[in-house]
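These notes are about the structure you will find just below.
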Amino acid sequence: MLVKVLMSPINPSDINMIEGTYHIRPALPCVGGNEGVGEIIEVGPSVEGFHPGDWVISSIAARSADSLAAGLWRQFLIPEPSNVIKIPNDMPVIGAATLAVNPCTAYRMICDFAKLNPGDILIQNGANSAVGQCVIQLAKHWGIKTINIIRDRPQKDELVNFLHDLGGDIVLTENERKQGDLKEIIQTIPEKPKLALNCVGGDSSAHLVASLGKDGVIVTYGGMSRRPVMIPTGPTIFNRIKAYGYWNTDWMKENLHSPMKANMFRELCEFIAKGILKPPEADLFHIKDFKTAVSESMEGFKGKKKILVMDDRLL
């Protein structure tokens, strides 16, 4: 099939692959871009289930140590049908372009590691990240309360209000956490969080663990501080804390044809189409301006996802 790429975001994992610091180091030459959405232009006579006009996303499960299978920082590609997934085209294109990584990561971490019911609480650091924003929105939809920790920054109040508007119940900064605000919050709520989501590491992860209740679970999916995950001894022993890691690529490979995967994509597409899960705020760059887009994506406190646009009509 011939696919015209519409949009492809720049994710931290894309930058890490370019730097050579990611778990996967594809052989060169290589086209970057781990996710994105494209429109089918033509299909060959032996292709079944796909038609011109269909939207497709790259299958993360097709990644390997040698190849990204269908890196999407390009205008056109001719993928194997097994390396793409058809999705509905009734959603915002930015939502479709950013579907495969962050929403799926948030969905699986909420659903797979602790049995959460409406009214239960989860706590997360890096809450303003793309995954963190998805966690807030999905949790809100499912009736789960969230405690959200963010880095201190200029215009902090603006970000706090933004996360509240997304559905976050409690939002505080890392400095407020260090000053005892988090401990005070945990002491006043009727039941401690059952699940902690960590993308920072260091003492931030230690405070997440200390906030968990009996049989609580901490899941690590990133390490923005570049410091080891810290798990304090007392809570681990006396509250029987369990610690896991989550890597979305691995889950996708292990569940390549599973009903769970199909159901997750169906639900997420429906959530995006209905506005339950909002596309991330984004700065759009024509693909010819990729150098500027990559450079800006590496700057701190920008807040908006940088997305490469291959179709002039979408700018």
Can you give the accessible area of Trp247 in Å² (nearest 10), computed on protein heavy atoms with a 1.4 Å probe? 80
With +1 on the Cβ of every Lys and Arg and -1 on the Cβ of every Asp and Glu, the dipole magnitude of the range 164-293 about its Cα centre, in debye rounded to the nearest 20, is 420
Between the range 70-142 and the range 234-267, how far is it from one alpha carbon centroid to the other, in angstrom? 13
Please list Arg227, Arg74 in order of solvent-accessible area, largest first, computed with a 1.4 Å probe with all protein chains present. Arg227, Arg74
Cβ charges +1 (Lys, Arg) and -1 (Asp, Glu), total dipole of the range 200-265, debye: 20
Of the listed pairs Lys4/Lys253; Lys156/Lys261; Lys145/Lys288; Lys194/Lys304, which have alpha-carbon separations greater than 32 Å here? Lys156/Lys261; Lys145/Lys288
Ordering Cys30, Cys199 by the accessible surface of their heavy atoms, 1.4 Å probe, largest first, yields Cys30, Cys199
Amide H proximity to Arg227 below 5 Å, modelled H, separation 5+ or other chain, gives Gly202
So what are the three principal axis dimensions of the range 185-315 from its Cα atoms, in whole Å, longest to shortest? 58, 38, 31
If you count the DSSP beta bridges with both ends in the range 24-180, what percent of them are antiparallel, to the nearest 5? 45
Charge tally in the Cβ shell below 11 Å around Asp120, where Lys, Arg are +1 and Asp, Glu are -1, Asp120 excluded: +3
Dipole of the range 149-225, Cα-centred, from +1 at each Lys and Arg C-beta and -1 at each Asp and Glu C-beta, to the nearest 20 debye? 260
Placing +1 on each Lys and Arg Cβ and -1 on each Asp and Glu Cβ in the range 167-315, then taking the dipole about the Cα centre, the residue among Pro235, Leu314, Phe265 whose Cα reaches farthest towards the positive end is Pro235
With Rg from the Cα atoms and Rh as the Kirkwood inverse mean 1/r over Cα pairs, the chain has an Rg/Rh of 0.98
What spacing in nm lies between the two simple spin-label points modelled at Asp311 and Lys178, each 7 Å away from Cα in the Cβ direction? 4.7
Check each of the GluC sites (Glu not before Pro) in the range 174-266 and keep only those in coil by DSSP with at most 12 other C-beta atoms within 10 angstrom; list them in order. Glu191
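The values are calculated or read from the model by the stated rules, or taken from the named source; none is laboratory data. A quick note: this is a predicted structure, and the numbers were derived from the prediction, not measured. Neighbour counts are summed over all protein chains in view; Cβ atoms, including those assigned to glycine, are modelled from backbone coordinates with ideal geometry. Each accessible area value is taken on the protein alone, full model and side chains, heavy atoms only, with ligands, DNA and RNA left out. Shrake-Rupley method; radii C 1.70, N 1.55, O 1.52, S 1.80 Å.
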